[in-house]
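Comments concern the structure below.
A short reminder: the numbers here are calculations on the coordinates, not readings from a lab. Since this is a predicted model, take the numbers as computed values, not measurements. Here Cβ is always computed from backbone atoms with ideal geometry, including for glycine, and neighbour counts include all displayed protein chains.
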Amino acid sequence: MSSGKGQREAVFPTRQALGSTKTRLKGAQTGHSLLKKKADALTKRFRTITHKIDEAKRKMGKVMQQASFSLAEVQYATGDIGYIVQESVKSASFKVRAKQENVSGVLLPAFEADIQQKSNGASGSGGEFALTGLSRGGQQVNKAREVYTKALKVLVELASLQTAFVILDEVIRMTNRRVNAIEHVIIPRLENTISYIVSELDEADREEFFRLKKVQAKKKEKAAAGDRERAHMQKRLAGDDTDDDDDDDAENHDTPAAEAEADDKPADAAAEASTAGKKKKKKKNKSAANTNNDDDAQRSKDLLSGGKDEDVIF
């Protein structure tokens, strides 16, 4: 039988599987306890039966020895009376009754010897053999009858004990196999399965906790970014309002200066007009001088070219 150490069942690690496995483990432990008690009770009864069998065998040896001696005395006194006994038997005077005894759920057979009482008050086969050997050896015949009746009772008791012994031996072995299987295979396997499921669930809880922390951290970061953005927008809005106020103040302060500049504009315009006229005059004089210089250069070129032509002709 392989040990269940290190083995586990192939289950999906869920809380439902954990609950069902714990229920199975509890049932296995309860069954192990009951089977252990049953095995102990059967073992105790087995030892008692073993002791009784030992006593019955010793008693049977003594009784059978006495029965053999008494039969020898009868045969010595009366001779062979077997044919007389067979002819005189009409009905069974010795019967065996069987009943069952429940020991921790195991039915054990129990046999009892039932000796029929005859009409003349004698027990056993005394009615048929009351006068057997009366002429000679009648006392030895009665003694042999009593001894053999006692021997039959001992044999029936011994048969009952031996039958119970065989049945108990088989049941105890089977019960011990079940106890060992539950103790060394089933319970360790269920415990390993529970440990596996618990570890997997703990790991899942840690992963879920870490995930929630990350989600919470991201939410906090988003909230902080939103707060910073709102604060920045508020600062910008506050700065724009301040600039508008400054512009209004500047316009209000610059109005007298603008009026003064407006008063000075006619004088500046006249000065600028006179300066522009002077510049135009200078440009015209310069362009006229350039034109005269170009005309003189052209004339000199024409004169030089005319002289050359004349030299070539002559």
Legend entry - Stokes-Einstein translational diffusion, the stretch 13-64 - Kirkwood Rh over all Cα pairs, 1.567 mPa s, 4 °C, in µm²/s: 90
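For Gln7 and Thr43, calculate 0.36 nm times their separation in residues minus their Cα-Cα distance, and state this gained length in nm to one decimal.
Full extension from Gln7 to Thr43 adds 9.8 nm.
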Legend entry - Rg to Rh, two decimals, where the stretch 187-226 supplies the alpha carbon set and Rh follows Kirkwood: 1.42
Legend entry - Hydrodynamic radius (Kirkwood) for the stretch 15-199, which is based on Cα pairs only, to one decimal in Å: 20.9
Legend entry - Sites Glu200 and Arg97 - FRET efficiency at Förster radius 45 Å, r taken between beta-carbons, to 0.05: 0.10
